Amino acid sequence: MNKMLRLIVASCLASVAAVAAAQYPGQQMAPPPPPPGYGSAPGAQAPAAGAPGQPAGQWVTVERRAVGAGATVGGTVVPVEEITFTAQMPGSVKFIAGAEGDRFEKGQVLAVLDESAMLAQRQAALAQIRNAESAQRNAAVQYDRERENPTPKQSGNMMSQMMPMPFMGDDGDNKVHRGATLYQYRSQMEQAQGAVMAAHSQLAEIDAKLKDTKSTAPFAGFITHKHVNQGDTVQPGQPLLSFANMDQLQVQVDVPTRLAGSLHPGAMTQVRLDDPSQTVVEARVAQVFPMADATRHTVRAKFDLKPGNPAKAGMYVDVMIPQPRGAGSGAEVQPVIPMASVVWRGGLPMVYVQDAEGQPRLNLLRLGEQVGDEVGVLTGLQGGERVLIAR
C-alpha cells in the first residue's frame, strides 16, 4: 500500500514538472545579483545606470591646490534703461497700447488718459486771453486819448461837471491833475498787459498737462508690466506701465564690503549665466556705488554685458569677483573639482559626494574661480572627499 502511494505521488510530481517545462522552456532560476559596490580606490566606477536610484559615473578624489584668487557672488540681470510711467493727473485710462512683451519703437504712444476736462479748461483759458487782450486795447486807447486831449479838472459846480471845458492854462494845479490822470491810465494799461501774460501762462500750463495725458516711449523697448487696464480710474502718481530696453543688459550685484575693494569701473570679469548650458561670458564693471548698505553691509555694483549673449532680464547669474593676492602668499589653496562633476539644481551648484556608507549624497557648493576644466570650491567641500563625474 505504501509503495503504491509513493508511486502515485512520484507520478504526479513528474507530470507537474513536465507541464512547467512545456510552458517555460529553457528558463532556469538565477541566483540573486550581488549587492552594488563603489570600490575604494580613486577612479573606481560608480554603479551601473541600470541600478535604481543610483547615479552612474566615475568617482574622483577632491584635491586641494592653488587655483587663483577670487570669489563668486550671485546677481541678477537687469535692463540698462527701464522706466515706469505714472499718472500726472486724476482721470480714467483712455488707451493702452499693448500687453507685456509687446515691442514699441521710440516715440510711439503707450498710454493715454482721458483729456476731456483739460480740453474744456483750455477753451476757458482761450476766452480769458481774448478778454484780457480786449481790456489791454481799451486801456491803451484811453491812455492815448488822455495824452492827446487831457480831461480838465472838474470843479465843484454842477454846470462845470455837465459841460467840461478844454484844458486851458498852465497853472500848477492843472499840471498835477494831468500827471495823475496819465499815470492812472498808464497803470490800467500795464495791468491789462499783465492780465494778458497771465492768461497766456495759464494756457501754456494747460497745454503741458495735456501732454502729460500721453505716455510716449523714450526709446525702443518692451512693455514689462502693465499696471492698469483701459477704463481704470487713476490718481496722480499711480503707475501705468513699466517699459524697458532689452537690447542692453547689465548685471546688478550686492557685493560684501570685504570683497568690493578690488572693483573699479572698466575692470573685466566673468559671469556664469543660469541657462541650460551654464554659459560663461565676459562683463565690464560699469558702476560701483560709493556707499555701502547700512543694513546688509554690501556695496552695489553694476556690470555691462556684451550684446548677443543668451542672458535675459531677471536671470540669476554668478559673478566672479577677483581678489588681490597677498604679498608672497601666492594663489589661494582650496578644494578643486572638475566642472563635469557639478550638477545644477534650481540654478544652484551641487555635487554628488560619497558618504561613509558608500552612498552618493548631494552637497550644495559655492564655487570660486574656474581655470580650464576645473573650478575652485569656496564652501561645501574640504578636500579629500570623493565626488562623482556623472556619465
Cα-based shape type of segment 343-391, given that a ≥ b ≥ c are square roots of the gyration tensor eigenvalues and the cut on a/c is 1.5: prolate
Segment 257-311: trypsin sites (Lys or Arg not before Pro) falling in loop per DSSP and having at most 15 other Cβ within 10 Å: R258, R296
Segment T233-R345, extension gain: residue separation times 0.36 nm, minus the distance between their alpha carbons: 35.9 nm
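Taking R0 as 41 Å, what's the FRET efficiency between A140 and M89 from their Cβ-Cβ distance, rounded to 0.05?
Working: r = 38 Å, r/R0 = 0.92.
Efficiency, rounded to the nearest 0.05: 0.65.
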Charge-dipole axis of segment 175-230 as Lys and Arg at +1 and Asp and Glu at -1 on Cβ define it, positive-most pick from F222, A180, A192: A180
Extension gain (nm, one decimal) between A208 and A97, 0.36 nm per residue minus Cα-Cα: 37.8 nm
Electrostatic dipole magnitude of segment 279-391 [Cβ: Lys, Arg +1; Asp, Glu -1; Cα centre; debye, to 20]: 380
Amide H partners (placed H, <5 Å) of T216, local residues excluded: L110
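All other residues with a Cβ under 13 Å from the Cβ of Y183 taken together, and with Lys, Arg as +1 and Asp, Glu as -1, what is their net charge? Show your work: numbers first, answer last.
Working: positive: R147, K175, R178, R186; negative: E146, E190.
After counting each charged neighbour, the total is +2.
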Under the Karplus curve 6.51 cos²θ - 1.76 cosθ + 1.60, θ = phi - 60°, whole-Hz ³J(HN,Hα) for segment 82-88, x wherever Gly or Pro sits: 8, 9, 10, 7, 10, 6, 9
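FYI, it's all coordinate maths here, none of it is from the lab. What you see is a predicted model, and the numbers here were worked out from it, not measured in a lab. Glycine gets a Cβ as well: all are built from the backbone with ideal geometry, and neighbour counts include every protein chain shown.
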